[in-house]
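Have a look at the structure below before the remarks.
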Amino acid sequence: MVKQNNNVAELAEAYYTLSEIFSHSEDAVKYSDSIIQVSQNLEDKAYLAKGYLQKGIQLYYVVEYNEALKNYLKANEYYSEQKDEFKQLIIRHYIGLLKSKIHENNEAFNIFKENMSFFKKLEHQEKHKKQYLKSLFAISNAYILNKRADSAQFYSKKGIQVSSDTEDKYLYPLFLLSYGSAKLIQKEYKTALDSMIKGTSLIEDKKISLAMNYIHISSIYDSINDKTKSIYYLDKVDSTYKKSPQVILQARDAYEALFKKYEDNAEKQLEIIKKLLSVDSILKTRPTNLSKQIAEQYDTPKLISEKEKLITKLETEKKTEKLINWFLVLFVLILSAIIIYVGRRNLINKKRFKILLENRNEHAVKKNSTHPKEKSRREDIDLPSEVVDTILSKLDKFERSNQFVTKQYTLSLLAKELNTNNGYLSKIINTKKKTSFSQYINNLRIDYAVTRLTEDSKLRSYTIKAIAKEFGFNTAQSFTTAFHKNTGIYPSYFLKNLKNKIAENR
């Protein structure tokens, strides 16, 4: 019995391999059906589920959408029982494609978005790379259908990157087409055309995608008023349809476009009408109500399942009510700690603000300046005292001139202006000012900014960015960082409290 089961499993696997080899054809459907037939009596329903899913996929490729749906739903029953999350994702993927076919684009988009959440984990991307690429392509196309070109471009570029790293560059040409479609929406016609033509040259077996792309390329040539090339690509859709009947929907779109282009050629229009009538006669024989079937057989059962999940969730929430209460107590304690911290921080900031106003008339760098008349001691710095005193005197003059806000000073530039060298100037600033050169300049600017802001009401009305530029800073962020480092408070806090204090004193 075990041997027989093994033989059946091997046979089912062989049929699956054949269905993959002849994918996108009626033969592939037949081999998929053979998987189901030989797997019927196996206790393990894995191959039966695999057969239904594969048959559904192949039926989709040969445009038998209603039959495809039936097989997806059958496969979904087995995979739901097995709790196989990934296989259920694949079924959702193809249900989403069916919804796109019946123009339920929002519902399809939600399915593809749900599937993409599964691939947030890198391990899922690596383990199921081909389906990851399919999902990237599906979400990209969903954004294209919703005319959201930026998002479509993001996912198609991601797909190009990921597929380029695969050995067979899986779906790479299709991502080029998707990227081209996004660029077409953005009216970047040259880029769209380059991407689509390149993608077209790489497609071999995906006739529907190829035909759709011919129509897109034709529309690009319409946009740049090249009627000859536009007709050329529509004719290529007709040629593809003659060899591959599954592109019938694309053929119909192409015939309608061609009919309009031959307004002055009644003979050509008659030829096209005959083709349109032939296509319509075939389409009329196809089963209808796919939308109704999806709603009744997939959407509604899914809603019932969601309802059951919610009931289970509510029951679980009741059991964890005590735990939530403990978390609530913990939250209150943490919140209290935050309030105390914020209150303490406000007191510190108020104290620092008060000290800052009291010392606002000090023009030299706070706590770091040395009066030029103070004689330096030789043991403080390894330079002649007269050199130190001379440079300190020049620095004092430089500080009082406020030139530090009008130029972007470097150590070399200031040394040159003070008629000294970089080494002497750096050593004196480091030793006597107790800071680095860049911090020295920033401190001068911040002290000057505090004084000016305190005195100038017009300046206080400027934005932080404008104030930053006024005092020699390139960006609002660099000014804010320097202000906080120098004073212990942020400029926005200083301005707000300064305005309040001035208003109180009036």
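The values are calculated or read from the model by the stated rules, or taken from the named source; none is laboratory data. Quick caveat: nothing in here was measured; it's all calculated off a predicted structure. Here the Cβ is made from the backbone with ideal geometry for all residues, glycine too, and neighbour counts use every protein chain on show. These accessible areas exclude ligands, DNA and RNA; they are computed on the full protein's heavy atoms, side chains included. Shrake-Rupley method; radii C 1.70, N 1.55, O 1.52, S 1.80 Å.
Summary of computed values
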item	result
Selection within segment 58-72 - touching a residue at least 60 places away in the same chain (Cβ under 8 Å) and under 11 Å from Ser23 (Cβ atoms)	Tyr61, Val62
Residue within segment 148-165 that is touching an Asp or Glu at 6+ places or on another chain (Cβ under 8 Å), within 30 Å of Arg92 (Cβ to Cβ) and either small (Gly, Ala, Ser) or open to solvent by less than 40 Å² (accessible area, probe 1.4 Å) (or both) present	no
Helices (runs of 4 or more DSSP H) within segment 223-288 that include 3 or more residues at pLDDT below 90, within 22 Å of Ile102 (Cβ to Cβ) and open to solvent by less than 50 Å² (accessible area, probe 1.4 Å)	248-261, 266-284
Residue in segment 185-192 that is surrounded by 23 or more Cβ atoms within 10 Å (Cβ to Cβ) and either aliphatic (A, V, I, L, M) or under 18 Å from the mean Cα position of the chain (by Cα) (or both) present	yes
Test for Lys87: is it under 23 Å from Val8 (Cβ atoms) and charged (D, E, K, R)	yes
Any hit, segment 445-464, residues being among the acidic types (Asp, Glu), surrounded by 15 or more Cβ atoms within 10 Å (Cβ to Cβ) and either over 43 Å from the mean Cα position of the chain (by Cα) or modelled with pLDDT of 90 or more (or both)	yes
Which listed residue is of a type in the set (Lys, Arg), open to solvent by less than 90 Å² (accessible area, probe 1.4 Å) and at pLDDT 70 or above, from Lys397, Lys407	Lys407
Residue in segment 16-34 that is hydrophobic (A, V, I, L, M, F, W, C), part of a helix (DSSP H, G or I) and under 21 Å from His93 (Cβ atoms) present	yes
Meets criteria (of a type outside the set (Ser, Thr, Tyr), surrounded by 14 or more Cβ atoms within 10 Å (Cβ to Cβ) and modelled with pLDDT under 90) for Leu48	no
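Residues checked against (1) at pLDDT 75 or above; (2) surrounded by 15 or more Cβ atoms within 10 Å (Cβ to Cβ); (3) under 30 Å from Asn500 (Cα atoms):
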{"residue": "Ile340", "(1), (2), (3)": "no, no, yes"}
{"residue": "Asn361", "(1), (2), (3)": "no, no, yes"}
{"residue": "Arg377", "(1), (2), (3)": "no, no, no"}
{"residue": "Asn402", "(1), (2), (3)": "yes, yes, yes"}
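The rows are residues; the columns are (1) hydrophobic (A, V, I, L, M, F, W, C); (2) touching a helix residue (DSSP H, G or I) at 6+ places or on another chain (Cβ under 7 Å); (3) over 19 Å from Lys207 (Cα atoms).
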position	(1), (2), (3)
Tyr16	no, yes, yes
Phe22	yes, yes, no
Asp33	no, yes, yes
Ala49	yes, yes, yes
Ile57	yes, yes, no
Val62	yes, yes, no
Tyr65	no, yes, no
Ala75	yes, yes, yes
